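Here is the structure we will look at, set down as structure tokens.
The values are calculated or read from the model by the stated rules, or taken from the named source; none is laboratory data. Quantities reported herein were computed from a predicted structural model and do not represent experimental measurements. With ideal geometry, Cβ positions are generated from the backbone for all residues, glycine too; neighbour counts draw on all protein chains shown.
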Amino acid sequence: MIEYFIPLLILCIVQSGTPGPNNIMLTASGKNFGYIKSIPHMLGVVLGFLSLIIVFGLGLTVIFSKYPIIQFVLRIVGSIYLLYLSYRIYSSVNTEDLSKSKPITFMESSLFQYVNPKGVMMAITTISIYTDHINFKFISSFNEGMIYILIAFTISNIIAVITWTSVGVFIGQFIKSARGIKIFNALMAFLLVLTIIWINLDLAS
């Protein structure tokens, strides 16, 4: 079992921990709103992605294979929503006036996982490889593989959301001026836009 789970866990940690839409937004949230106010956002990433894995395990990957237009539409919707989130990050400020600036909510973060191009591809790739009980002698069924995938992604996503939010909080200790905050938010928004472009070019190739 260890021979199966350790490579799976490493794959999940690499996928969850590398820069992407979720991690860029969590860094920005940690900087702009602090750790406590970012917790709903963090929980939304972890639980939303786990629910996506379950939905895919119930057969959505088969639907995507049969009707690729659905995945294309979700990618477009996700890219548009990421552009909106880029604007939210760019316009965020450190303020107690929540009418001016609000962190991403649990529901927003959870639902975003279903249109996050990187997350969708992570789920499809991992399920396709690590539920193959015919070639993996360490698991006896598709469902057993899914259980291990859920455990691995739970661990990796918790590590990722804590790490990237903490990076944002740490950065916040040094960026105090209004100009510094504006530059930081602009940089995070720019990186998110670059991520959108990179994902779409990568999936189109």
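Evaluate the following for Ile155: is it without any contact (Cβ under 8 Å) to a residue 40 or more places away in the chain and either over 21 Å from Ser38 (Cα atoms) or hydrophobic (A, V, I, L, M, F, W, C) (or both)? No. For segment 157-172, filtering for residues that are under 24 Å from Leu60 (Cα atoms) and either outside any helix (DSSP H, G or I) or in contact with a Leu (Cβ under 7 Å, 6 or more places away or on another chain) (or both) leaves 0.
Conditions tested, residue by residue: (1) over 19 Å from Leu191 (Cβ atoms); (2) in contact with a Ser or Thr (Cβ under 8 Å, 6 or more places away or on another chain); (3) at pLDDT below 75; (4) surrounded by fewer than 17 Cβ atoms within 10 Å (Cβ to Cβ).
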| residue | (1), (2), (3), (4) |
| --- | --- |
| Leu47 | yes, yes, no, yes |
| Leu52 | yes, no, no, no |
| Tyr81 | no, no, no, no |
| Ser92 | no, yes, yes, no |
| Thr95 | yes, yes, yes, yes |
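Against the conditions (1) under 20 Å from Ser128 (Cβ atoms); (2) modelled with pLDDT of 90 or more; (3) aliphatic (A, V, I, L, M), Ile6 satisfies every one except (2). Within segment 121-152, the set of residues being β-branched (Val, Ile, Thr) and more than 18 Å from Met42 (Cα to Cα) comprises Ile124, Thr125, Thr126, Ile127, Ile129, Thr131, Ile134, Ile139, Ile147, Ile149. Selection over segment 9-54 of residues that are in contact (Cβ under 8 Å) with a residue 12 or more places away in the chain and not in a helix (DSSP H, G or I) gives a count of 2.
Here are the criteria: (1) touching a Phe, Trp or Tyr at 6+ places or on another chain (Cβ under 7 Å); (2) under 30 Å from Val55 (Cβ atoms); (3) modelled with pLDDT of 85 or more. Tell me which single one Ile147 does not satisfy. Of everything listed in (1) touching a Phe, Trp or Tyr at 6+ places or on another chain (Cβ under 7 Å); (2) under 30 Å from Val55 (Cβ atoms); (3) modelled with pLDDT of 85 or more, Ile147 misses just condition (1). Of the residues Thr126, Thr154, which single one is surrounded by 19 or more Cβ atoms within 10 Å (Cβ to Cβ), of a type in the set (Ser, Thr, Tyr), under 18 Å from Leu11 (Cα atoms) and at pLDDT 85 or above? Criteria check complete, one pass: Thr126. Residue under question is Ser65, and the condition is that it be at pLDDT below 80, in a loop (DSSP other than H, G, I, E, B) and at negative phi; does it hold? So Ser65 does not fit the description; no. Within segment 179-201, restricting attention to residues that are of a type in the set (Gly, Ala, Ser) and in contact (Cβ under 8 Å) with a residue 12 or more places away in the chain, the residue that is farthest from Ile76 (Cα to Cα) is Ala186.
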